[in-house]
1. Which of the helices (runs of 4 or more DSSP H) found entirely inside region 1-106 contain at least 1 residues meeting this: over 27 Å from LEU135 (Cα atoms)?
2. Residues in region 388-396: is at least one over 22 Å from the mean Cα position of the chain (by Cα) and more than 26 Å from GLY49 (Cα to Cα)?
3. Just to be sure, is GLY363 more than 22 Å from ALA270 (Cα to Cα) and either open to solvent by less than 60 Å² (accessible area, probe 1.4 Å) or of a type in the set (Asp, Glu) (or both)?
4. Does LEU89 count as under 22 Å from THR169 (Cβ atoms) and without any contact (Cβ under 8 Å) to a residue 40 or more places away in the chain?
5. From VAL82, VAL109, VAL77, grab the single residue that is touching a helix residue (DSSP H, G or I) at 6+ places or on another chain (Cβ under 7 Å), under 17 Å from THR47 (Cβ atoms) and open to solvent by less than 10 Å² (accessible area, probe 1.4 Å).
6. Quick check on this structure: which one of SER302, SER278, SER292 is open to solvent by 10 Å² or more (accessible area, probe 1.4 Å), touching a Ser or Thr at 6+ places or on another chain (Cβ under 8 Å) and hydroxyl-bearing (Ser, Thr, Tyr)?
7. I'd like the full set of residues that are open to solvent by less than 50 Å² (accessible area, probe 1.4 Å) and either aliphatic (A, V, I, L, M) or touching a His at 6+ places or on another chain (Cβ under 8 Å) (or both), limited to region 160-174.
8. Restricting to region 320-336, count the residues that are over 14 Å from GLY145 (Cβ atoms), open to solvent by 20 Å² or more (accessible area, probe 1.4 Å) and either touching a helix residue (DSSP H, G or I) at 6+ places or on another chain (Cβ under 7 Å) or not in a helix (DSSP H, G or I) (or both).
Amino acid sequence: MRLPFFYGWIIIAVTFVTMAIGVNARTAFSLFFPPIIDEFGWERGVTAGAFSFGFVVSAGVSPLIGRLMDRLGPRSVMELGVALMAGGLLLAPLTTRPWHLYVTIGVLVGAGSICLGYSGQSLFLPNWFNRRRGLAIGLAFAGVGVGSVTLLPWVQLMIEQTGWRTACTAMGLLVLFVLAPINLLLRKRPEDIGLRPDGDAAPSASSAKPVSNVVDPDWAGIDWTLKRALATSRFWWLATGYFGGLYIWYAVQVHQTKYLLDIGFSPSVAVWALGAVSLLGIPGQILLGHVSDRVGREWIWSASCAGFAICFAALIALAHYPTLTLVYVMVLAQGALGYGLTSIMGAVVVEIFQGKHYGSIFGTIMVVALAGGAAGPLVTGVLRDLSGSYELAFLIGIGVSGFSALAIWLASPGKIRAVAGRLHRIPT
């Protein structure tokens, strides 16, 4: 049965809902954290370590998820993620010892999140769109922001009224009963169901020859395996750029609220700032994803890194001039610009290493990226403890922002495949 619209938009809708629930189910640990500390009296470092351990687990399973995607496709990967995450959330309320949290929130939820989150979705979403790839992925990933401003307040209200165990169980049931059925609709690529990317009609003898987006046919003609990719400088520039991207993202996200409190802002302003960033990230991801289809991925990655650099600079200035105007600048730069990174992460890699082994290649790059996500908060915190100030850490964040942008220009996806808005520049 033919639908009146392209099936790829169903894929985007399913991903939107999956990201809204799956990513924020993991983020909800920050809401469970205070009542768990109050109930058990454990050290904060030991308790928070369960969430950090999830990063280690995510990095460890990322290449395996990529290989599983290459072999079995997105339905298997997403349903595995649903089972792991739902299992972790439903078992976490049985916690009586710290190691229980490490198994449930760390191992199960952490491994499930790599399937349901940015990494897992980026393994197949780029297959469905060529001309509107950035816009489509931006729309899908905007689900994270929508989920954060809808689900997290609901979870917090439930914690206050019924306790963290009931709230955790509710999130587990939501993951299981909503995400398990809708992810059965996924397919890896449009060709699997007789379609073409963007919903284009199959070419006929009388139709005009489609314009190829390949700029470097010698590179694009290679059957890229992980081993071959690892031997190229482009792979390592991509990995470096992605390491820097997640470093700056999580360095800000983890320390922003505490920093604003330290320099004298009220808790209401600090909490508002964190929520406003997520809210601004919704239109930011969509718009920047769309613009990347016109001007190229390198420019948008640079714009997003510039957003984080402005954010770090505003945070430094806030220590000397603690005004709401600078808070607004920090929030706007981080959310509207910085969060655009996610809308092109999958597109950049697929346009360089497109092929049947793309999942393995992307999964391996994400190991390095997740290492950046773990290093950002750690290095920032250590530098704060050693120097007594965040200024040096934030200056390093500005430097990492610039180097991440440079790395993506050196990887130069636009020299392999052109985005729709640059097709006219390809020699015929």
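1. Output list reads 29-40, 44-72, 74-91, 98-101.
2. yes
3. The answer is yes for GLY363.
4. Here the answer is no, as LEU89 does not meet what is asked.
5. VAL109
6. The conditions single out SER278.
7. Within region 160-174, ALA167, ALA170, MET171, LEU174 qualify.
8. 6
The values are calculated or read from the model by the stated rules, or taken from the named source; none is laboratory data. Because the structure is predicted, anything quoted here is derived from the model rather than measured. Note that we place each Cβ from the backbone using ideal geometry, even for glycine, and neighbour counts take in every protein chain shown. Areas reflect the complete protein model, heavy atoms only, side chains present, ligands, DNA and RNA absent. Shrake-Rupley method; radii C 1.70, N 1.55, O 1.52, S 1.80 Å.
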